[in-house]
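Just so it is clear, none of the values below were taken in a lab; they were calculated from the coordinates. Because the structure is predicted, anything quoted here is derived from the model rather than measured. Every residue, glycine among them, receives a Cβ derived from its backbone with ideal geometry; neighbour counts consider all protein chains shown.
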Amino acid sequence: MADERIVSKKLEQIEQYHGELKAKQQSLTRENLLTETTEQRAVERMFENAIQACTDLAQHIATHDFDYDGDASKEAIRILGQEDVIDEDTMQTLVAAVGFRNVLAHEYGTVEYDEVYETLQTGLEVYDAFSRQIAQWIRTTD
């Protein structure tokens, strides 16, 4: 069974990183993001942290509750979807976010800051959805 302390800590981290992204969403213009390297790096890191906290939590739950023995972030997220811990839309969005994180963190591709800005403006709901669904699942498994 998942360790409630770890789950709680990861949910707090997701909330913190989501809040930081929301603040940037409200204060940062497209032009600022496209032209200011410091803002680019800050937003990149915020996304990396938020996505990593989600994948850490997914792996923890998949390992402890569903006998997952791998280390692939996308697969751990898929298991949570298959086990109805999270819904299909949240699962698909987070799997895509892992690819986005890989581009940001590992420079697997060119970072397109127009896309980063669009994700900042329209793609933050997944963190709330993931957190709510995990919290709901935890409540039902107690």
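For this structure, a couple of remarks:
- Long-range amide H partners of Tyr68 with built H, under 5 Å: Thr63
- Using R0 = 22 Å, the C-beta based FRET efficiency linking His106 and Asp71 works out to 0.90.
- Note that segment 72-82 has calculated 3J(HN,Hα) couplings of 8, 4, 4, 5, 4, 5, 4, 4, 4, x, 5 Hz, one per residue in order, obtained from phi through the Karplus relation 6.51 cos²θ - 1.76 cosθ + 1.60 (θ = phi - 60°); glycine and proline are x.
- Considering only alpha-carbon pairs that sit under 8 angstrom and 6 or more positions apart, the relative contact order computed for segment 1-100 is 27 percent.
- Averaging 1/r across all pairs of distinct Cα atoms in the chain and inverting the result yields a Kirkwood radius of 15.4 Å.
- For segment 4-141, the dipole from Cβ point charges (+1 on Lys and Arg, -1 on Asp and Glu) about the Cα centre works out to 380 debye, to the nearest 20.
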